[in-house]
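Read through the structure below, which is laid out as C-alpha cells, and then see the notes.
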Amino acid sequence: MTTLKQPIVGTEGADIVGPRNPDVEAQNPDILIPPVTDHGGLPNLKFPFAMAHNRLEDGGWAREVTRREMGALEELAIVNMRLPAGVVREMHWHKEAEWAYVLQGRVRFYLVDDQRQTLVEDLGPGDLWLAPAGFPHAIQGLEEGTEFILVFNDGNFSENQTLLVTELFAHTPREVLAKNFGVPAEAFAGIPAQEKYIFRQPVPAPIEQVRAEMGAVTFTDKYVFRASQLTPSRFPGGATTVVDAKNFEVTNLAALFIDLEPGGMREIHWHPDADEIQYYISGRARMTVFDAVNNARTFDFVAGDVGYVPKTLAHYIENTGEGPVRVLNVFHTAQYRDVSLNNWLALTPKDLVRGHLDVGDPLLSSLSSARQPIVKG
C-alpha cells in the first residue's frame, strides 16, 4: 500500500486525518505541499479539461474552459472539440475571433470573408486557422476524424452562445426568408426548428472536386497557416516556435509552441502586453507565477490541463517528468513579446545588480544578453 504524502515541512503543517483524493493530490504536489517560496493569495490559474462539462452531440463533443471555470480568465477562453469522420460543426460565426490548433487527425475548414473570398482547406496535426470575428465558417472531420483546440479573445466566451445558421433561419419570418431568396415560403417548410451545432454528415468529397463544384469566383488560403511545416528554434533543453502576425498576417492572437526535454525549463520571463492561455499537450510540468505585492503560487500540469498567466506576471515552465513536455501558449496580441529576467539583469550594470541582490561573481558572470528562452537543468 502506497503511503500518502502529508502536508508537513519541518515544523510547519500537519497530517491529514480526514477524507482524501489521492489521485488529485498526486497530480498537484505543489498545491498539497507548496514550495516555501509561495506566498500570498494569487487566484487559481489552472483548470483541467477533465473537469470541464462535456457537451455530447450527434457524433461528436465539445468542452470549454472560460471565466466560469477559472475566474482569472479575462482576455482568453479555450475550447476542446472532437469531430469524427464526416461530423460537422455547424455553419456559424462569433462575436469573438477564433484561433485553432489541430491536435489529431485531419479536418476541412470552410470560411467566407467580408470580401466574398471563399476558403476550403484541409489541415492536419499542428496546423492552424483563424476565423476573424463575424466571418462565417464551418468545420468538418475528414476520413480519420479530428480533435482540435480553439482559443477565443474573450474570457467570457462560450461555445453555447455562437450565432448559428439554423437558428438564424428558425427565427426569421418565413415571408422574409422567401423575399430574401426569391422563392416561395414553402421552400422553408423543412428547416430545423432548433440548432444542429454538431451533427453527422458523409465524409466530404476530395477538396479539388468540392472547389470545382462550388464555382466560387475567388478562393483564398490566408486564414490558415501550416505551422506543422515550420522549423523550431532549438536550444539546450528544448525548442520554441512562434506564430504571430509576422508570419501569419491575418492573426490577432499570437502563439508560442514550447517543447521541453526532461530537465528543461522555459526561463523566468513575463509578457508586457498580453494575457497568456496555456494548453498542455504532453508530459508533466510545473509553473510558479509571481505578482505584486509578495505574491507567488506554484501549479502542476499534466496533458489536457489549461493554465493562465495575466500580463506582466513573471513565470517559468519546468519539465518535471521523465518524458518530453509540449505546451501551446496563445496570447491576446497580434505580435509575440516577452521580457527575460536573465537578459534584464545582463543588460543592467553589475554594481547595480549586486547592490540589489547581494550576489557575487558566480551569478553575475553567468548572466547573458543573448536570447536563450529555454535552459537545460
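Summary of computed values
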read-out: Residue-by-residue Karplus 3J(HN,Hα) for region 179-192, coefficients 6.51, -1.76, 1.60, Hz, glycine and proline x; value: 5, 4, 9, x, 10, x, 4, 4, 4, 10, 5, x, 5, x
read-out: Whichever aspartates and glutamates have a C-alpha closer than 19 Å to that of Lys95, once near sequence neighbours (fewer than 8 apart) are set aside; value: Glu64, Glu74, Glu75, Asp113, Asp114, Asp154, Glu159, Glu167, Glu195
read-out: Karplus-derived HN-Hα couplings along region 366-377 (A = 6.51, B = -1.76, C = 1.60, θ = phi - 60°), whole Hz, x at Gly and Pro; value: 8, 5, 9, 8, 6, 6, 9, x, 10, 10, 9, x
read-out: Order of Met51, Met70 under a 10 Å beta carbon neighbour criterion, fewest first; value: Met51, Met70
read-out: Residue-by-residue Karplus 3J(HN,Hα) for region 60-75, coefficients 6.51, -1.76, 1.60, Hz, glycine and proline x; value: x, 8, 8, 9, 9, 10, 10, 5, 4, 7, 9, x, 6, 6, 9, 9
read-out: Amide proton proximity set for His332, modelled H, under 5 Å, gap of 5+; value: Asp275
read-out: Amide H contacts under 5 Å for Leu42, placed H, 5+ residues apart; value: Ala296
read-out: Which listed pairs, of Lys5/Lys311; Lys5/Lys46; Lys222/Lys311; Lys46/Lys311, have C-alpha distances above 27 Å, in listed order; value: Lys5/Lys311; Lys222/Lys311
read-out: Helix-only CD estimate at 222 nm, as mean residue ellipticity for the chain, using -39500 (n - 2.57) per DSSP H run (n ≥ 4); value: -3000 deg cm²/dmol
read-out: Assigned charges on the beta-carbon of Lys, Arg, Asp, Glu; the chain dipole about Cα centre (debye); value: 240
read-out: Rel. contact order, % - alpha carbon contacts under 8 angstrom, at least six apart, the chain; value: 18
read-out: Geometric extent, Cα atoms of region 51-225 - Rg, Dmax (angstrom); value: 16.7, 51
read-out: Given charges at Cβ of Lys, Arg, Asp, Glu: region 1-79 dipole, positive-most of Thr11, Pro34, Gly59; value: Gly59
read-out: Chain lengthening between Gln194 and Val24 when straightened (0.36 nm per residue, less Cα-Cα); value: 57.3 nm
read-out: Residues Phe181, Phe148, Phe188 arranged by fewest to most Cβ contacts within 10 Å; value: Phe181, Phe188, Phe148
read-out: Along each principal axis, Cα extent of region 229-376, largest first, Å; value: 44, 36, 33
read-out: Loop-resident sites, region 1-58, for trypsin sites (Lys or Arg not before Pro), counting at most 15 other Cβ within 10 Å (DSSP); value: Lys5, Arg20
read-out: Mean separation of Cα contacts under 8 Å, 6 or more apart, over the residue count of region 229-376: relative contact order %; value: 32
read-out: Under 5 Å, built H, 5+ apart or other chain: amide partners of Gly145; value: Ala85, Gly86, Arg106
read-out: Anisotropy class of region 1-70 from Cα gyration tensor, a/c 1.5 cut; value: oblate
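Values quoted throughout were computed directly from the atomic coordinates according to the rules given, and no laboratory measurement underlies them. Nothing here was measured: the structure is a model prediction, and the numbers come from that model. Methodologically, a virtual Cβ is constructed for each residue, glycine included, from the backbone with ideal geometry; neighbour enumeration extends over all protein chains shown.
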